[in-house]
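Structure, as structure tokens:
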Amino acid sequence: MKKITLQPRSCECCGGNDLDQVLQSQSSVKRTSDTWIFPFSVAVCRNCGFCFNSPGPKQEDLIRYYSDGISGSKDIGLPYSIDTRIAVLERYSSIT
Ligand SMILES: [Zn+2]
């Protein structure tokens with residue numbers, strides 16, 4: 001299991017660093033070869049009121065994360081083979 005690391009991030013609107021943390025959580029996301037812990041935090045700038053993600057993920061971690069597949073889902077490995085997708089579509093299709 002891999003984990004995205006975070007770094008401090010200033011307000012994108014005013015450049016301020018006086019922030020209120022309003023939410024912190026994390027998700028477990030299954031990618032092509034690994035499961036990633038993806039923490040996220042939402043902050044509100046006390047200077048201008050802008051709400052944004054801070055601290056934010058490190059760029060090098062995002063590059064590694066997206067190199068492990070361009071999409072993923074919480075704890076679910078997505079079937080990205082054509083054969084698997086066709087089998088799922090046939091199973092749930094109402095057209096016979
Ligand atoms: Zn601000």
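For the stretch 2-92, the dipole from Cβ point charges (+1 on Lys and Arg, -1 on Asp and Glu) about the Cα centre works out to 140 debye, to the nearest 20.
Applying both filters, DSSP loop and at most 15 other Cβ atoms within 10 Å, to the trypsin sites (Lys or Arg not before Pro) of the stretch 19-64 gives ARG46, LYS58. Subtracting the Cα-Cα distance of ILE82 and LYS3 from 0.36 nm times their residue separation leaves 25.5 nm of extension gain.
Taken over the chain, the percentage of Cα pairs per 5 Å bin, counting from 0 up to the bin with the maximum distance, is 2, 13, 17, 15, 13, 11, 10, 7, 5, 4, 2, 0, 0. Mean sequence separation of contacting Cα pairs (under 8 Å, at least six apart), scaled by the length of the chain, corresponds to a relative contact order of 30 percent.
Here the spin labels are modelled as points 7 Å beyond Cα on the Cα-Cβ line, and at GLN21 and PHE50 they lie 2.1 nm apart.
Values quoted throughout were computed directly from the atomic coordinates according to the rules given, and no laboratory measurement underlies them. These numbers were taken from a predicted model, which means no experiment stands behind them. All Cβ positions, even for glycine, are placed from backbone atoms using ideal geometry, and neighbour counts span all protein chains on display.
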